[in-house]
Each structure stands twice: as structure tokens, then as C-alpha cells.
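In what follows, a single structure is set out as C-alpha cells and then discussed.
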Amino acid sequence: MDPQGFCTDRLFREHCSFINGVFVKDMSLLGRNEKDIIIIDNSPTSYMLQTECALPILSWYNDPKDTLLKQYIPMLIDLSRLNDVREAIPHFCRNNLVEFEMAK
């Protein structure tokens, strides 16, 4: 998925904190500045502690024709140019959906 190694970390269930009965990816535990962190996840509970860093995505179920993640590429490129992704993401991510037209 990332043959050139642009994505430096991937977090899975074993990296989560168990909070109030749900698994949560707590970005503050990474020891990185949250202005530079983007989480893409299909579960809103996974990113509930840092919603301003989160890009929601629909679940993927082993469908080789699924290209939804590719649609995120232009937006991710634009976000990479920002000083703080948290200032932009809340403007086009609402109700656990990405409003792609607003993201442009």
C-alpha cells in the first residue's frame, strides 16, 4: 500500500487504549506534535480523542475494486503543505464524513 514508505507509522488495535469499553487510538501517546498527525479510520470511536486530526473513511472489506483511499490522495497532499492539519480538518469533516468539495 505504501511501497515508498511515506507513511511512517500505522496503528492497529494493539496500539489502542481501552477507554470506557472501547478501543481508542490516542495520538497524544505517540510523542509527536499533533499538528502533524492525520488519522484515517472507519471507526469514530478510534479517533474520538483527536477528532481534529481525523479523516473518516468507509470500511473496507477485501474488495479489490475499492479505490476510496485513492480519493484521499489530493487532500492528503494539500494537508501535507499546512503548518497545522487541525486548523483545516474540522472545516470539511463533519458527522464522521469527509466533504470533499469543502476540502478543496
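Every read-out reported here was derived from the displayed coordinates using simple, explicitly stated rules and does not represent laboratory data. Model, not experiment: these values are computed from the prediction. FYI the Cβ positions are ideal-geometry reconstructions off the backbone, even for glycines, and counts take in every protein chain you see.
Observations on the model:
- Think of each Lys and Arg Cβ as +1 and each Asp and Glu Cβ as -1; about the Cα centre, that makes the dipole of the chain roughly 60 debye.
- Whole-Hz Karplus values for the range 35-50 come out as 5, 10, 9, 10, 10, 10, 8, 8, 10, x, 5, 5, 10, 5, 7, 9 Hz, taken residue by residue from phi with 6.51 cos²θ - 1.76 cosθ + 1.60 and θ = phi - 60°; glycine and proline positions read x.
- Additional length obtainable on full extension of the chain from F6 to T51, 0.36 nm per residue less Cα span: 14.0 nm
- Sparsely packed chymotrypsin sites (Phe, Trp or Tyr not before Pro) within the range 2-104, loop by DSSP, other Cβ within 10 Å at most 16: F6, F12, W60, Y61
- Other-chain or far-sequence residues with amide H under 5 Å of Y72's (modelled H): none
- Per the Kirkwood formula applied to alpha carbons, the range 13-103 shows a radius of gyration over Rh ratio, Rg over Rh, of 0.96.
- Distant-in-sequence amide H partners of A54 (H built 1.01 Å from N, under 5 Å): I39
- Under 26 Å from K25, Cα to Cα: lysines that are on another chain or at least 8 residues apart: K35, K70
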